[in-house]
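Trainee: Below you'll find the structure I mean.
Every number here is computed from the coordinates shown, using simple stated rules; none is lab data. Quick caveat, the model's predicted, so the values are computed rather than measured. In this analysis, Cβ positions are derived from the backbone assuming ideal geometry, glycine residues included, and neighbour counts consider all displayed protein chains.
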Amino acid sequence: MNFDLTEELQMLQEAARDFARGQLAPRAAQADAEESWVGEQVKLCAEMGFLGMAIPEAYGGSDLGALGTSLVLMEINKACASTGTTVSVHNSLTSESLVRFGTDEQKQRYLPRLATGEMLGAYALSEAGSGSDAGSLVCKATRDGDDWVLDGTKLWISHGDQADLVVVFARTTPDGGSRGITAFLVETAWDGYKAGKKERKMGLRGSPTVELQLDHVRVPGANVLGEVDQGFKIALALLDGGRIGIASQAVGIAEACLEASVKYAGEREQFGKTLGEFGAIQEKIADMATRVDSARLLTLRAAALKGQGRPYGREASMAKLEASRNANWCAKEAVQIHGGAGYTREFPVERYFRDARVTEIYEGTTEIQKLVIARTYLR
Ligand code: COS
């Protein structure tokens, strides 16, 4: 078994690393402090082809494959997790929805614009009463001739106020449970679409999370994604891929924590020695490095399976479970190594600590990942 990346993937990884270090890292602290949208950073990602990673070249995408996408996301998130969330959602939840479930006509209509970033994509599943229990959503779609009319409120939607195209999941059969949900491609310019309250969040402050109000949004029948009443399976299938994106994000944050800690441990002196000369700190660094690698290996395994067209749902959940827990652990230890300084905004570990927290919550909590994994063994 060979653990080396191909030369092509190594070159991609280096290019993404250089880009993220040069263009994203210098802007990350300000976006966080001001809670300002990372729009400029997303544009820069578009210029690198990172908004078309899931899209075939025939539609103008960069088609980097699942492994390439994961490697790029790790580097972006190491520099700026707010940009990382946006790029992950756009690629894995919106563009992929069309690549995997769209008709030829839908692909032609939207993919070229998603690939260049002319259109930014979002994904709207959660509601006030349906988070982990996503199949109980109540936002409704009513048929009207060839069209559908959408009414309801979505919650916790990443960049729902900046997106141009949103995959919206709505109820088409009232008593149908998870079998009565349909996926719709909704353009945010259409009448009745409104981004509401913006959440005040602990982390990822450059990535707005908003409520969406859908007030009689008229969606043409041509914008139904997949089959009517079969949208829940699309939602879950997309989340399997999205979870590799969040695992990649967590790996990136954990690596940033490790790098910052190694640097600080080499510079800071106490009792006439650098921190790195103390066994207690060496132990932390060793544990952090091992957790980074364990998360990275699980994430790349899930991405490799996906890229090979093999089943990867369980492995994606394992990767997200491990990587998100490890990122939080590494962030806690990174703050600890920095001591009082780590508790201030003078050092980036304070931001990493806050950004890491949500990786155990969104796109399926730690508890949901365990449920998904356990079911594959126990059923
Ligand atoms: N891919 C495709 N289809 C899937 C699937 C997957 N990964 N997992 C389940 N399905 C199918 C099932 O086979 C079932 O199909 P049938 O109706 O033909 O039987 C259907 O989807 C419903 O599955 P199930 O009955 O298992 O659904 P549950 O309501 O029990 O929900 C969990 C399962 C909890 C796993 C799901 O609701 C979940 O992942 N919740 C978390 C949601 C989430 O991540 N929210 C965050 C949103 S983005 S921030």
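Trainee: Comparing 340, 364, 160, which has the greatest mean-square fluctuation in the GNM of the chain with Cα pairs linked when under 10 Å apart?
Mentor: Sorting by GNM fluctuation, first place goes to 340.
Trainee: Can you give the angle from 0 to 90° between the axis of helix 231-267 and the longest principal axis of the chain, with both taken from C-alpha atoms, to the nearest 10?
Mentor: 20 degrees
Trainee: Hey, another quick one. Can you give the Rg and Dmax of the chain based on its C-alpha atoms, in angstrom?
Mentor: 20.7, 79
Trainee: Please express the shape of the range 229-379 as an equivalent ellipsoid: the semi-axes are the square roots of 5 times the eigenvalues of the C-alpha gyration tensor, given largest first in whole angstrom.
Mentor: Numbers: eigenvalues 240, 42, 26 Å².
In descending order, the three semi-axes are 35, 15, 11 Å.
Trainee: In addition: Just check the range 122-229 against the gyration tensor rule for me: Cα atoms, a ≥ b ≥ c as the square roots of the eigenvalues, rounded for a/c under 1.5, and otherwise prolate or oblate depending on whether a/b exceeds b/c.
Mentor: oblate
Trainee: Moving on to the next point. Taking the Cα centre of each part, how many Å lie between the range 4-46 and the range 73-89?
Mentor: A separation of 7 Å, based on Cα centres.
Trainee: Next question, about the same structure. Does anything in the range 182-202 have its amide N under 12 Å from the 7 Å Cα→Cβ label point of residue 153, and if so which residues?
Mentor: Of the residues in the range 182-202, 196-198 have backbone N under 12 Å from the label point off residue 153.
Trainee: Compute a Gaussian network model of the chain, connecting alpha carbons closer than 10 Å, and tell me which residue from 263, 332, 284 fluctuates the most.
Mentor: 263
Trainee: Here is the link list: 320/370; 154/197; 78/201; 201/263; 78/263. Which ones come out longer than 18 Å on Cα distance?
Mentor: 78/201; 201/263
Trainee: By how many degrees, 0 to 90 and rounded to 10, does the Cα axis of helix 366-378 deviate from the longest principal axis of the chain?
Mentor: Tilt of helix 366-378: around 70 degrees.
Trainee: Follow-up question, since we're still on this one. So what are the radius of gyration and Dmax for the Cα set of the range 148-209, in Å?
Mentor: In Å, with Rg to one decimal and Dmax whole: 13.4, 39.
Trainee: Moving on. Just to confirm my understanding: which cysteines in the chain have no other cysteine beta carbon less than 4.7 Å from their beta carbon?
Mentor: Among the cysteines of the chain, those whose Cβ sits 4.7 Å or more from every other are 45, 80, 139.
Trainee: Output the 0 to 90 degree angle, nearest 10, between the alpha-carbon long axis of helix 65-79 and the longest principal axis computed from the alpha carbons of the chain.
Mentor: The angle comes out at about 60 degrees.
Trainee: Same structure, new question: Please work out whether the range 7-119 counts as rounded, prolate or oblate from its C-alpha gyration tensor, where a ≥ b ≥ c are the square roots of the eigenvalues and a/c under 1.5 means rounded, while otherwise a/b larger than b/c means prolate and anything else oblate?
Mentor: Values: a/c = 2.32, a/b = 1.47, b/c = 1.58.
Judged from the Cα gyration tensor, the range 7-119 comes out oblate (a/c at least 1.5, b/c at or above a/b).
Trainee: What is the calculated FRET efficiency for residue 379 to residue 341, with r their C-beta to C-beta distance and R₀ = 51 Å, to the nearest 0.05? Walk me through the numbers before you get to the answer.
Mentor: Numbers: r = 49 Å, r/R0 = 0.97.
For R0 = 51 Å, the calculated efficiency reads 0.55.
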